[in-house]
Amino acid sequence: MKKRNVYAAVIGGGTAGLMCAIRAAENHPEQTIVILEKADRIGKKLLVTGNGRCNLSHIGANAKSYHGDGSDTLINILFKKYNPDAVLTYFRSLGLLTHTDSEQRVYPLSNQASSVLDVLRMRIAQLNIETICNTDIRRIQKTAEGYEIATPELRLSAKKLVIAAGGKADYAGRNNDSRELLRSLGVSMTELTPSLSPVKVKSDVLKSLKGIRATAKATLIHNKKIVKTERGEVQFTENALSGICIFNLSRRANRGGYAIQLNLLPDFSDEQVEQEITQRFRRDKDAVCGEIFTGIFHKNIGLALLKSCGVKPSTPCKDISIKEIKSLCRHITGWRFVCEENHDFKKAQVTAGGVRLSEIDPHSFESNRHRGLYIIGETLDIDGDCGGYNLQFAFASGMCVGDHL
Ligand SMILES: Cc1cc2nc3c(=O)[nH]c(=O)nc-3n(C[C@H](O)[C@H](O)[C@H](O)COP(=O)(O)OP(=O)(O)OC[C@H]3O[C@@H](n4cnc5c(N)ncnc54)[C@H](O)[C@@H]3O)c2cc1C
């Protein structure tokens, strides 16, 4: 097979890779830029983002919303030039109109993720960027001229190489794991764990709560210390807690050894909760405990709270002790769920961990080990909260490298 020489090869035709190739081709119209993509089409994941609406950026994105060792420095440098405004201005130049919701999350005006992918694909066609799909790159050889990529169907020599292969979190249930590829270049990585995912918890009441949602304040606890607090809608599944506020705690909770405490009445003080519940028990002495939460919680939540406190729903309210009422109140404001270790990437939106940020120059994303090698997007040890931060980073890092190539 004859070897082809190209200026730059981008491994991964996803969010970061597409943006990077476009900017590189705009800067070097005379050069050949090739995108190598494992799937049968480029940008497939973009189509499922934001529940099909693609939350492509977040107006208030800053270093506080990103995690990973050294992420503060990297984001502060990157967002000086490639901030949400720069990403959205560039998308506007490609023809994409957007709108921003009350929580500063940005979506295409069409509310269709396909609009975002379409403008990128149109630009790729205009710039004659070559896309080679169904190509899974497993090994790369460093040569004197640059990088050699060989598969049974392909032999390429690229002066510059960009790795934009994403993380292990894969919506389609494939084993998207670029560690082998990165190992072939001697690049060091941190452990990979799922993030922005449901959190598996140990509980004997969850089965009865499956499918139920409740507004709550969720607090992540480690060694009796508060690690992080989020507020929003919690969804109960058969073996996990889910919902955006839980997603934002999952990065650490998935490692196990943590607990999540739910406050089901976050707008009430502890005293107000105790007063309300005590009154209910004292008001109707003929009632049974199973009816006590009527008008506050979903029936099954009430029953699960009673079970967690060891109170039978058939117990007459008049037989309940002050100690039992206090225990119920403690559960309402601090219902504790012990988190289990979770290695399931199928339900995760992003990967925590990846190529150590100390491996790259934060100004250019160029590898400190190999000149001409760049690593961008989720492949790096950086992940954002839920709300458009991850796509913002992927697009911004793609733009930055596309301008540096
Ligand atoms: C269901 C879901 C919803 C999401 N919603 C949002 C959202 O609304 N807002 C937000 O900010 N973030 C969201 N995310 C996260 C966001 O999609 C990712 O963080 C982002 O796409 C990462 O971009 P990337 O280019 O680094 O990786 P990807 O977009 O994953 O692209 C990597 C590409 O590389 C290819 N590839 C991998 N290995 C190889 C190989 N060896 N050879 C060739 N090709 C390879 C993959 O097939 C893929 O196309 C969501 C994620 C999921 C799963």
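Overview of values
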read-out	value
Output for the stretch 303-332, where each listed residue is touching a Phe, Trp or Tyr at 6+ places or on another chain (Cβ under 8 Å) and of a type in the set (Ser, Thr, Tyr)	SER308
Conditions (1) away from the ligand (no atom under 12 Å from the Cβ); (2) part of a helix (DSSP H, G or I); (3) open to solvent by less than 10 Å² (accessible area, probe 1.4 Å); number of the one not met by SER358	(3)
Any hit, the stretch 21-29, residues being of a type outside the set (Asp, Glu), in contact (Cβ under 8 Å) with a residue 40 or more places away in the chain and open to solvent by 70 Å² or more (accessible area, probe 1.4 Å)	yes
Helices (runs of 4 or more DSSP H) (entirely within the stretch 229-329) containing at least 2 residues that are open to solvent by 80 Å² or more (accessible area, probe 1.4 Å), in contact (Cβ under 8 Å) with a residue 12 or more places away in the chain and closer than 20 Å to LYS217 by Cβ	244-253
Residue among PHE365, PHE393 that is crowded, with 24+ Cβ neighbours inside 10 Å, at pLDDT 95 or above and at positive phi	PHE365
Residue in the stretch 375-389 that is touching a helix residue (DSSP H, G or I) at 6+ places or on another chain (Cβ under 6 Å) and without any contact (Cβ under 8 Å) to a residue 40 or more places away in the chain present	no
Strands (runs of 3 or more DSSP E) lying entirely in the stretch 89-203 (those with 1 or more residues that are among the hydroxyl-bearing types (Ser, Thr, Tyr) and in contact (Cβ under 8 Å) with a residue 24 or more places away in the chain)	98-100, 105-108, 130-132, 147-151, 154-163, 193-195
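Residues are listed down the side, and each one gets a yes or a no for (1) closer than 25 Å to GLU130 by Cβ; (2) open to solvent by less than 20 Å² (accessible area, probe 1.4 Å); (3) away from the ligand (no atom under 15 Å from the Cβ):
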| site | (1), (2), (3) |
| --- | --- |
| THR32 | yes, no, yes |
| ILE35 | yes, yes, no |
| LYS38 | yes, no, no |
| LYS44 | yes, no, no |
| GLY50 | no, no, no |
| SER65 | no, yes, no |
| ASP69 | no, no, yes |
| ASP72 | no, no, yes |
| LYS81 | no, no, yes |
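The values are calculated or read from the model by the stated rules, or taken from the named source; none is laboratory data. Because the structure is predicted, anything quoted here is derived from the model rather than measured. Ideal geometry is used to build each Cβ from the backbone, glycine not excepted, and the neighbour counts take in all protein chains shown. Note: accessible area is taken over every heavy atom of the protein model, side chains too, but ligands, DNA and RNA are not part of it. Shrake-Rupley method; radii C 1.70, N 1.55, O 1.52, S 1.80 Å.
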